[in-house]
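Just below is one structure, and these are the notes that go with it.
What follows is calculated from the coordinates using simple rules that are stated; it is not laboratory data. Model, not experiment: these values are computed from the prediction. Ideal geometry is used to build each Cβ from the backbone, glycine not excepted, and the neighbour counts take in all protein chains shown.
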Amino acid sequence: MTDHAVLWLLAVCSYGLGDLITTAAGLRYAELEEGSAFVRRLLGEPPTPGGLVRFGAFKGVLFLAFYGGYLFLAGYRMRVLVPAAIAGIGIVAVSNNLRAIRRVR
């Protein structure tokens with residue numbers, strides 16, 4: 001267990017799972033589309049279940065890279081910013097997705 005396990009858990013729950021789930025939920029509505037061109041390409045046109053798997057795998061690769069960077073910064077106090085930033089981005093992404101879903105419901 002790392003020194004910043006709670007932040008990593010929040011990052012996984014918000015950016016990893018939360019964004020993936022709320023993106024999938026939002027794509028059920030024809031009025032909504034993914035805001036990121038890169039993610040739209042991963043998801044496919046129109047979005048497919050396989051695209052969601054690719055999106056999830058992409059997030060997994062990102063987490064491995066971020067965690068590698070976190071390990072590389074061992075001994076530096078500022079390494080806490082890695083999971084904190086991911087968690088912050090995840091919270092914003094989930095909030096934006098939920099706001100968009102609420103608008104079309």
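Among the residues of segment 42-59, which ones are part of a helix (DSSP H, G or I) and out of contact with any helix residue (DSSP H, G or I) (no Cβ under 8 Å at 6 or more places or on another chain)?
Pro49, Gly50, Val53, Ala57
So which residues in segment 3-22 are within 9 Å of the chain's Cα centre (by Cα) and without any contact (Cβ under 8 Å) to a residue 12 or more places away in the chain, if there are any at all?
Correct list: Leu17 only.
Across segment 25-41, what is the number of residues that are closer than 13 Å to Arg103 by Cα and of a type in the set (Ser, Thr, Tyr)?
Of the residues in segment 25-41, 1 are closer than 13 Å to Arg103 by Cα and of a type in the set (Ser, Thr, Tyr).
If you go through segment 42-57, how many residues are exposed (fewer than 14 other Cβ atoms within 10 Å of the Cβ) and within 15 Å of the chain's Cα centre (by Cα)?
2
Take the residues of segment 23-36 that are of a type in the set (Ser, Thr, Tyr) and assigned to a loop (DSSP other than H, G, I, E, B): which is farthest from the chain's Cα centre (by Cα)?
Checked segment 23-36; the qualifying residue farthest from the chain's Cα centre (by Cα) is Tyr29.
Within the set of pairs 6+ apart or on separate chains, which have a first residue in segment 23-43 that is under 14 Å from Val104 (Cβ atoms) and in contact (Cβ under 8 Å) with a residue 40 or more places away in the chain, a second that is surrounded by 15 or more Cβ atoms within 10 Å (Cβ to Cβ) and among the small types (Gly, Ala, Ser), and C-beta atoms under 8 Å apart?
Close Cβ pairs (under 8 Å, with a partner that is surrounded by 15 or more Cβ atoms within 10 Å (Cβ to Cβ) and among the small types (Gly, Ala, Ser)) amount to Gly26/Ala100; Leu32/Gly26; Leu32/Ala100.
So which of Val92, Val39, Val82, Val12 is surrounded by fewer than 15 Cβ atoms within 10 Å (Cβ to Cβ), out of contact with any Cys (no Cβ under 9 Å at 6 or more places or on another chain), in a helix (DSSP H, G or I) and not charged (D, E, K, R)?
After applying the criteria, what remains is Val92.
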